[in-house]
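Novice: Structure in structure tokens, see below.
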Amino acid sequence: MSPVLLLALLGVTFPLPGVQALLCQFGTGYDVWNVSQLPLHWTPKEISCDSGLGCQDTLVLIESGPQVGFVLSKGCTEAKDQEPRVTEHRMGPGLSVLSYTYVCRHKDFCNNLVTTAPLWTPQPPADPGSLRCPVCLSMEGCPEGTTEEMCPKGTTHCYNGLLRLRGGGIFSNLRVQGCLPQPGCNLLNGTQEIGPVRMTENCNTKGVQELLCQFGTLKEVWNVSQLPVHWTPKEISCDSGLGCQDTLVLIESGPQVSLVLSKGCTEAKDREPRVTEHRMGPGLSVLSYTYVCRHKDFCNNLVTTAPLWTPQPPADPGSLRCPVCLSMEGCPEGTTEEMCPKGTTHCYNGLLRLRGGGIFSNLRVQGCLPQPGCNLLNGTQEIGPVRMTENCNTKDFLTCHRGNSLQKDPLDGPCLIP
């Protein structure tokens, strides 16, 4: 049976009243598979695009020996309509690169590619040649001493390069080793963009001092009793000159805590670890941790909420009762009201839009505050690479369409360690 890609929540979008927004299939995926596992299938969810935007499908398959690199982007686009197109950027012998692109506006969910089948047909085994090369595809880096394999007839050179993939919800690097019929660093035959995904190639593996960073994103709502939370990040090789960054935001409302985590590369200047109390109750509280470093590989080594979270004693109850909710999907009508702590005087009901650092999500927040207004973050608009905008006009978020990411969660699960 073909593998099925399971989906994880990525974001919530809210169309404006009266706007005829197009509904599109939505998600991103990137990973390395064995050729024997193809064709792959996935089950996307949906997103409501801004007026005038179209739907797009972009699929790239890169084959080296027994492995296939898989890159998928589905969602909204400003690009003009384009008929389904299969492009053979390189077709062997040795390494091969194929892509599928499509842009449409004629109906909802027109970007309906759900399998690699249109782009992939098994090839008969190639006759062996006399060249032997390391053969590897990896999002994390090929180990030293990768096993060499016999190259197919017609290949004359070993290829060793790094593809940087950026755009269309994709932010990853793919290390490529394999066999080619000519020398040089031109795996994509001059192609620099496939759909919304920009691709740059680097074969100077010794001359570029690239920093390795811990990498991943996480956005989830937990019960306070489940903290501290731990995670196991993956790794990424950053462009020359970039640093590593950790950004963690915890928002507490009653018995719930929202966790927003971004780890990866950054252009920002180095900064020491910093814990900021944006709001510290009574009632709702917002804490953040930020760190930028370049002094060694994997220096952004935050792997737990522990430095940012210490259990607080129960607060004395007051007389106010408010709905209390934290949700990435929306708080249901008639959320149960809870007794607010002493010192709070108003009920808060707002939406935080979180964008940047690999985060694209909305967080609905309800809880208790000691003053009126829509200023949960006390004026903060950015925490690390994550931009935050606040909206307390509840009429603007009565309708939502949920989208998701096709990629395997960059934070290997389960991330909770009791």
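The values are calculated or read from the model by the stated rules, or taken from the named source; none is laboratory data. Computed from a predicted structure; not experimentally measured. So basically every Cβ, Gly included, is an ideal-geometry build from the backbone, and we count neighbours across all protein chains shown.
Novice: Restricting attention to the range 119-138, which residues are out of contact with any Asp or Glu (no Cβ under 7 Å at 6 or more places or on another chain) and within 30 Å of Ser240 (Cβ to Cβ)?
Specialist: Applying the first criterion (out of contact with any Asp or Glu (no Cβ under 7 Å at 6 or more places or on another chain)) to the range 119-138 yields 119-131, 136-138.
If the condition is that a residue be out of contact with any Asp or Glu (no Cβ under 7 Å at 6 or more places or on another chain) and within 30 Å of Ser240 (Cβ to Cβ), then Cys136, Leu137, Ser138 are the ones that fit.
Novice: I've got another one for you. Which count do you get for residues in the range 246-300 that are within 21 Å of the chain's Cα centre (by Cα), at positive phi and not hydrophobic (A, V, I, L, M, F, W, C)?
Specialist: Of the residues in the range 246-300, 1 are within 21 Å of the chain's Cα centre (by Cα), at positive phi and not hydrophobic (A, V, I, L, M, F, W, C).
Novice: How many of the residues making up the range 147-205 are assigned to a loop (DSSP other than H, G, I, E, B) and under 27 Å from Gly264 (Cβ atoms)? So that I can check it myself, show each step before the final result.
Specialist: Restricting attention to the range 147-205, the residues satisfying the condition of being assigned to a loop (DSSP other than H, G, I, E, B) are 147, 153-156, 168-169, 181-192, 195-196, 203-205.
Subset that is under 27 Å from Gly264 (Cβ atoms): 168-169, 185, 187-188, 191-192, 195-196, 203-205.
Adding up the residues that qualify gives 12.
Conditions (1) under 32 Å from the mean Cα position of the chain (by Cα); (2) modelled with pLDDT of 90 or more, marked per residue:
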| site | (1), (2) |
| --- | --- |
| Trp120 | yes, no |
| Val135 | yes, yes |
| Glu149 | no, yes |
| Gly161 | yes, yes |
| Glu193 | yes, yes |
| Glu201 | yes, yes |
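Novice: Looking at Gly254, Gly243 in this structure, which one is surrounded by 14 or more Cβ atoms within 10 Å (Cβ to Cβ), of a type in the set (Gly, Ala, Ser) and without any contact (Cβ under 8 Å) to a residue 60 or more places away in the chain?
Specialist: The conditions single out Gly243.
Novice: For Pro118, are the conditions met, namely being of a type outside the set (Ser, Thr, Tyr), part of a helix (DSSP H, G or I), touching a residue at least 12 places away in the same chain (Cβ under 8 Å) and out of contact with any helix residue (DSSP H, G or I) (no Cβ under 8 Å at 6 or more places or on another chain)? Spell out how you get there, then give the answer.
Specialist: Numbers: of a type outside the set (Ser, Thr, Tyr): yes; part of a helix (DSSP H, G or I): yes; touching a residue at least 12 places away in the same chain (Cβ under 8 Å): yes; out of contact with any helix residue (DSSP H, G or I) (no Cβ under 8 Å at 6 or more places or on another chain): yes.
Considered against the rule, which asks whether it is of a type outside the set (Ser, Thr, Tyr), part of a helix (DSSP H, G or I), touching a residue at least 12 places away in the same chain (Cβ under 8 Å) and out of contact with any helix residue (DSSP H, G or I) (no Cβ under 8 Å at 6 or more places or on another chain), Pro118 comes out as yes.
Novice: If you check Thr380, Thr389, which single one turns out to be under 27 Å from the mean Cα position of the chain (by Cα) and either outside the structural domain of Trp222 (by TED's automatic domain parsing) or in a strand (DSSP E or B) (or both)?
Specialist: Working: Thr380 fails: either outside the structural domain of Trp222 (by TED's automatic domain parsing) or in a strand (DSSP E or B) (or both).
Every option except Thr389 fails the conditions.
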